[in-house]
Amino acid sequence: MSDLDRLSLHVPEPAVRPGGQPDFSNVKIAKAGSVPRPEVDVASEEIRDLAYSIIRVLNRDGEAVGPWAGLLSDDELLAGLRHMMTLRTFDARMVMAQRQGKTSFYMQHLGEEAVSCAFRRALVKGDMNFPTYRQAGLLIADGYPMVEMMNQIFSNESDPLRGRQLPIMYSSKEHGFFTISGNLATQYVQAVGWAMASAIKRDTKIAAAWIGDGSTAESDFHSALVFASTYKAPVILNIVNNQWAISTFQGIARGGSGTFAARGLGFGIPALRVDGNDYLAVYAVAKWAAERARRNLGPTLIEYVTYRVGAHSTSDDPSAYRPKTESEAWPLGDPVLRLKKHLILRGAWSEERHAQAEAEILDEVIQAQKQAEGHGTLHAGGKPSVRDIFEGVYAEMPPHIRRQRQKAGY
Amino acid sequence: MARMTMIEAVRSAMDVSMERDDNVVVFGEDVGYFGGVFRCTQGLQAKYGKTRCFDAPISESGIVGTAIGMAAYGLKPCVEIQFADYMYPAYDQITQEAARIRYRSNGDFTCPIVLRMPTGGGIFGGQTHSQSPEALFTHVCGLKVVVPSNPYDAKGLLIASIEDPDPVMFLEPKRLYNGPFDGHHDRPVIPWSKHDLGEVPEGHYTIPIGKAEVRRQGSAVTVVAYGTMVHVALAAAEETGIDAEVIDLRSLLPLDLDTIVKSVEKTGRCVVVHEATLTSGFGGEVAALVQEHCFYHLEAPVVRVAGWDTPYPHAQEWDYFPGPARLGRALVEVMEA
């Protein structure tokens with residue numbers, strides 16, 4: 001024993017801290033078009049490499065290349081671009097509204113717009129997402145009214161959730177968007193249950209689970225993978241790896257595993273890793289996973305490699321834990337600019353049309369905001385009723401809650 | 001009518017519900033082919049098929065989490081947590097998810113699930129097979145909490161729970177599965193077949209959640225009890241000769257306050273008894289409500305009889321369990337106060 005050193009604890013650290021030079025040389029980026037596209041009935045052990053690579057379609061020149069390309073028409077891509085631009089503009093206005101005191105809190109998607117916007121296109125009406133707080137693109141891309149989102153954010157008299165929920169914790173069954181909880185990872189295993197129910201009822205609908213890199217450390221993530229694997233549930237298990245869980249870099253949750261996608265392999269779940277800033281790649285991979293689910297082939301795990309350009313929330317200041325210029329060094333670029341470049345190259349878009357679209361979108365968002373503010377904001381104008389505190393805890397109000405409501409004067 | 005144990009009554013409730021509604025599914029650890037460690041689901045897989053009644057991985061958060069997802073889809077899952085002591089990994093799913101989905105989504109999504117779980121001691125189960133965690137559920141707004149004390153109620157309440165639009169925690173006192181146990185562990189077991197409440201209709205019926213039942217009329221003191229303690233209270237009343245009125249709560253949340261108040265106004269005295277630990281137990285809630293609503297009728301302080309504030313021991317089980325002797329002493333004390 002004498003030849004052994006005493007033990008020491010390993011605590012992982014990110015490559016760079018504030019004041020340092022941003023460095024992503026450790027992020028291995030596969031060449032666009034280089035990762036093969038397997039048949040959807042492939043066994044997970046035959047595609048282990050895909051959990052360690054990055055599926056990419058758009059190359060540096062803006063061309064769509066390789067076996068995952070060629071799935072979307074000009075019109076579909078133009079719609080996708082518009083969804084991402086709308087989400088970005090919506091976010092910018094709502095961050096400003098939070099600074100103006102019109103709401104208590106906001107979470108933006110800057111840099112991650114492609115993930116939820118492109119994914120939504122792979123689902124059909126009736127499918128169900130179990131989202132986290134950074135997938136509002138699922139709503140925007142499905143045509144959920146921005147005014148409704150803002151009514152919720154402002155907790156005003158028209159708030160569909162009657163002031164009960166934190167801003168951005170939307171719920172829309174009609175748009176396949178399960179009520180957001182605010183605590184983490186619980187929705188992941190619920191999505192698996194929803195998918196199991198669809199299979200129990202011999203339905204055709206599928207579910208999509210969403211989680212961030214940090215929350216994959218929660219036990220509910222692992223429960224979800226066990227249940228999905230055991231019952232071959234028709235579910236797409238999405239992990240959005242945006243590198244940062246508030247101030248904690250992704251290495252703390254990932255540990256010794258090479259990638260988050262690799263977590264699926266031990267469960268026998270086909271696992272893909274994809275460029276999350278590439279609208280075409282996100283769509284292609286989501287479509288592949290959706291087809292597997294719909295053909296009763298079971299779950300697919302997808303890791304979207306992206307970067308959280310903004311703060312975690314309006315309560316966060318990332319300059320305290322990462323270099324300010326880190327987002328500029330992120331090697332996978334900006335999802336909006338990359339799709340814009342591709343569409344221009346295709347001859348379907350131009351700088352002029354882009355500038356015009358930006359102005360139109362800003363106008364749409366401002367109009368929606370005016371309408372929503374007409375129903376009130378957090379501290380001004382129309383509010384939900386105090387009565388709403390007591391309603392809806394149960395289908396039928398029990399006597400003890402009725403007594404408390406009366407005590408409150410309602 | 002048929003003679004049923006509480007196990008058979010619970011099974012019959014699931015059978016009747018599965019027969020009537022294709023959306024009722026049953027799953028949990030060992031509940032499929034084998035029929036559950038207490039045999040409550042025996043025969044259900046053979047009758048309704050593997051996709052309506054099946055085994056789950058040993059993952060309570062997974063069992064409850066998937067049940068919540070199924071309920072969001074439109075099913076009515078009735079799942080088994082093998083012992084109430086095993087529910088803690090699912091507590092996040094129960095308290096922050098199941099209990100609040102209706103509220104936080106303003107009814108856009110709901111969570112009609114039932115979690116059945118054997119509770120309480122008396123079987124030498126030690127600290128991890130004897131707990132009574134009901135107060136951890138009654139503290140959570142959005143849940144309903146039911147504890148039956150006999151086969152007739154167990155079946156009617158379980159059917160009502162499965163048909164309820166909100167999540168129900170259904171705690172089955174495991175020491176009552178085979179007979180009306182009154183705490184006299186050294187006497188021969190009395191089977192349910194010799195008890196009136198072992199007479200159970202074979203078809204569909206419900207007992208409303210939120211309604212207590214007076215098991216013994218009395219004028220001297222009100223004993224508020226539920227589950228196993230109902231039978232202990234009846235024994236204590238007989239053995240002390242004190243004319244106690246014994247209330248079987250059946251539902252803790254919502255609580256039938258009217259029945260308690262009416263009784264205490266009549267008797268002027270109140271003892272609350274439960275097997276769970278004393279501090280911050282459900283007895284504290286009942287005592288507070290009684291003093292709020294019946295203060296000017298009280299002739300003595302409200303007394304709580306409960307499990308000690310220690311883990312449930314193994315070898316000293318009968319010194320821990322609040323049996324008729326301990327409850328009897330409390331009745332004498334409250335009469336002399």
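Points to keep in mind about this one:
- Some residue of the stretch A:307-322 being on the phi > 0 side of the Ramachandran plot, surrounded by fewer than 18 Cβ atoms within 10 Å (Cβ to Cβ) and in contact (Cβ under 8 Å) with a residue 60 or more places away in the chain: no
- Only listed residue being facing another protein chain (nearest Cβ under 10 Å), hydrophobic (A, V, I, L, M, F, W, C), under 21 Å from A:Met96 (Cβ atoms) and out of contact with any helix residue (DSSP H, G or I) (no Cβ under 6 Å at 6 or more places or on another chain), chosen from A:Leu139, A:Leu166: A:Leu166
- On inspection, B:Asp92 fails the criterion of being more than 7 Å from every other protein chain (Cβ to nearest Cβ), surrounded by fewer than 23 Cβ atoms within 10 Å (Cβ to Cβ) and not small (Gly, Ala, Ser).
- Any hit, the stretch B:285-299, residues being surrounded by fewer than 21 Cβ atoms within 10 Å (Cβ to Cβ), within 16 Å of B:Gly121 (Cβ to Cβ) and at pLDDT 95 or above: no
- Screening A:Thr132, A:Thr89 for residues that are closer than 23 Å to A:Ala284 by Cα and hydroxyl-bearing (Ser, Thr, Tyr) leaves exactly one candidate, A:Thr132.
- Cβ separations smaller than 8 Å between residues 6+ apart or across chains give the following pairs from the stretch B:154-172 residues that are within 14 Å of another protein chain (Cβ to nearest Cβ) to residues that are of a type in the set (S, T, N, Q): B:Ala160/B:Thr206; B:Glu163/B:Ser17; B:Glu163/B:Thr206; B:Pro165/B:Thr110; B:Asp166/B:Thr110; B:Val168/B:Ser161.
- Qualifying positions in the stretch A:354-410 - part of a helix (DSSP H, G or I), away from every other protein chain (no Cβ under 13 Å) and touching a residue at least 40 places away in the same chain (Cβ under 8 Å): A:Ala357, A:Glu358, A:Ile361, A:Leu362, A:Glu364, A:Val365, A:Ile366, A:Ala368, A:Gln369, A:Gln371, A:Ala372, A:Glu373
- In the stretch B:266-273 there is no residue that is in contact with a helix residue (DSSP H, G or I) (Cβ under 8 Å, 6 or more places away or on another chain) and within 14 Å of chain A (Cβ to nearest Cβ).
- Qualifying positions in the stretch A:192-229 - facing chain B (nearest Cβ under 9 Å), in contact (Cβ under 8 Å) with a residue 60 or more places away in the chain and in a helix (DSSP H, G or I): A:Val192, A:Trp194, A:Ala195, A:Ala199
- For the residues A:Leu161, A:Leu139, A:Leu184, the requirement of being at negative phi, part of a helix (DSSP H, G or I) and free of Cβ contacts under 8 Å to residues at least 60 places away in the same chain singles out A:Leu139.
- The residues of the stretch A:105-136 that are more than 14 Å from chain B (Cβ to nearest Cβ) and of a type in the set (A, V, I, L, M, F, W, C), listed by number, are A:Phe105, A:Met107, A:Leu110, A:Ala114, A:Val115, A:Cys117, A:Ala118, A:Phe119, A:Ala122, A:Leu123, A:Val124, A:Ala136.
This table checks each residue for (1) over 25 Å from B:Lys76 (Cβ atoms); (2) touching a strand residue (DSSP E or B) at 6+ places or on another chain (Cβ under 7 Å).
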| residue | (1), (2) |
| --- | --- |
| B:Val189 | yes, no |
| B:Leu197 | yes, no |
| B:Tyr205 | no, no |
| B:Val214 | yes, yes |
| B:Ala220 | yes, yes |
| B:Val223 | yes, yes |
| B:Thr240 | yes, no |
| B:Leu255 | no, no |
| B:Glu275 | yes, yes |
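- Any hit, the stretch A:270-277, residues being within 25 Å of A:His312 (Cα to Cα), assigned to a strand (DSSP E or B) and acidic (Asp, Glu): yes
- Residue in the stretch B:63-79 that is more than 27 Å from B:Ala99 (Cβ to Cβ), surrounded by fewer than 22 Cβ atoms within 10 Å (Cβ to Cβ) and assigned by TED's automatic domain parsing to the domain that holds B:Pro165 present: no
- B:Gly62 over 30 Å from A:Gly163 (Cβ atoms) and more than 8 Å from chain A (Cβ to nearest Cβ): no
Let's see how each residue does on (1) charged (D, E, K, R); (2) in the same structural domain as A:Ala122 (by TED's automatic domain parsing); (3) under 18 Å from the mean Cα position of the chain (by Cα):
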residue	(1), (2), (3)
A:Arg254	yes, yes, no
A:Leu272	no, yes, yes
A:Asp275	yes, yes, yes
A:Val282	no, yes, yes
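- All helices (runs of 4 or more DSSP H) inside the stretch B:230-337 with 3 or more residues being small (Gly, Ala, Ser) and over 26 Å from B:Gly210 (Cα atoms): B:324-336
- When A:Ala79 is tested against (1) over 25 Å from A:Ile246 (Cβ atoms); (2) touching a Phe, Trp or Tyr at 6+ places or on another chain (Cβ under 7 Å), only condition (2) is not met.
- Going through (1) in contact with an Asp or Glu (Cβ under 6 Å, 6 or more places away or on another chain); (2) facing chain B (nearest Cβ under 9 Å) one by one, A:His175 falls short only on (2).
- Residues that are assigned to a helix (DSSP H, G or I) and exposed (fewer than 13 other Cβ atoms within 10 Å of the Cβ), drawn from the stretch A:338-353: A:Glu351, A:Glu352
- Residues being within 27 Å of A:Trp330 (Cβ to Cβ) and either among the basic types (Lys, Arg) or surrounded by 15 or more Cβ atoms within 10 Å (Cβ to Cβ) (or both) - total across the stretch A:35-49: 4
- Verdict on A:Arg56 being in contact with a strand residue (DSSP E or B) (Cβ under 9 Å, 6 or more places away or on another chain), assigned by TED's automatic domain parsing to the domain that holds A:Cys117 and farther than 18 Å from A:Val282 by Cα: no
- For the stretch A:246-267, the tally of residues that are part of a loop (DSSP other than H, G, I, E, B) and surrounded by 17 or more Cβ atoms within 10 Å (Cβ to Cβ) stands at 3.
The values are calculated or read from the model by the stated rules, or taken from the named source; none is laboratory data. What you are looking at is a predicted structure, and each value in this text was computed from that prediction instead of being measured. Cβ: placed from backbone, ideal geometry, glycine included. Neighbour counts: every protein chain shown.
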